[in-house]
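Novice: Can you keep this structure in mind? I'll have questions shortly.
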Amino acid sequence: MQHNALQTEVTLPALMTQAELAQYLGKSTAWAERSRWDGSGPGFVKLGKSVRYRAGDVLAWIDANARRNTSEGR
């Protein structure tokens with residue numbers, strides 16, 4: 001008699017480097033660094049010394065910054 005192992009599928013989010021984030025947003029890598037330091041950019045994760053941005057965090061940050069007109073607050 002054979003036992004089938006329980007299989008679980010997991011979809012992992014894409015991880016972007018600072019350079020990939022900057023290119024995706026049409027910004028400079030210096031902007032990505034500054035926004036990380038001052039907390040104005042998308043959320044990020046530290047993996048050892050490496051900084052990575054999850055695609056879901058980037059999309060959530062973009063959605064949070066959507067405006068209908070220029071008089072809306074920042």
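Novice: For the stretch 18-72, what does the accessible surface come to per residue with a 1.4 Å probe? Please give it in Å².
Specialist: Working: 3860 Å² over 55 residues.
Solvent-accessible surface per residue comes out at 70 Å².
Novice: Another question, if that's okay. Run the accessible area of the stretch 13-57 with a 1.4 Å probe and give the carbon-and-sulfur part as a rounded percent.
Specialist: Working: 1470 of 2840 Å².
Carbon and sulfur: 52 percent of the exposed surface of the stretch 13-57.
Novice: Measure nothing fancy, just the Cα-based angle from helix 55-64's long axis to the longest principal axis of the chain, in degrees from 0 to 90, nearest 10.
Specialist: 40
Novice: A follow-up question, please. At 222 nm, what value in deg cm²/dmol follows for the chain if DSSP H runs of at least 4 each add -39500 (n - 2.57) and the sum is divided by all its residues, to the nearest 500? Walk me through the numbers before you get to the answer.
Specialist: On the way: 3 runs with 28 residues, N = 74.
Counting only the DSSP helices, I get -11000 deg cm²/dmol.
Novice: Let me ask something else about it. Treating only the Cβ atoms of Lys and Arg (+1) and Asp and Glu (-1) as charged, compute the dipole magnitude of the chain about its Cα centre; round to the nearest 20 debye. Let's see the in-between values first.
Specialist: Working: 10 positive and 7 negative charges, 53 e Å.
Taking the Cα centre of the chain as origin, the dipole is about 260 debye.
Novice: Ranked from the most accessible area to the least, with a 1.4 Å probe and all protein chains present, what is the order of V45, V10? Intermediate results must be reported in sequence, preceding the final value.
Specialist: Values: V45 35, V10 110 Å².
Reading off the accessible areas and sorting them downward yields V10, V45.
Novice: For L47, what accessible area in Å² do you get when you roll a 1.4 Å probe over the heavy atoms of the protein chains, rounding to the nearest 10?
Specialist: 100
Novice: How would the stretch 4-74 be classified by its alpha-carbon gyration tensor: rounded, prolate or oblate, with rounded meaning a/c under 1.5 and the a/b versus b/c comparison settling the rest?
Specialist: Details: a/c = 2.80, a/b = 1.61, b/c = 1.74.
It comes out oblate by the Cα gyration axes.
The values are calculated or read from the model by the stated rules, or taken from the named source; none is laboratory data. Being a predicted model, the structure only gives us computed values, none of them experimental. Neighbour counts run over all protein chains shown; Cβ positions are idealised from the backbone, glycine included. What goes into the accessible areas is simple: the full protein's heavy atoms, side chains included, and nothing from ligands, DNA or RNA. Shrake-Rupley method; radii C 1.70, N 1.55, O 1.52, S 1.80 Å.
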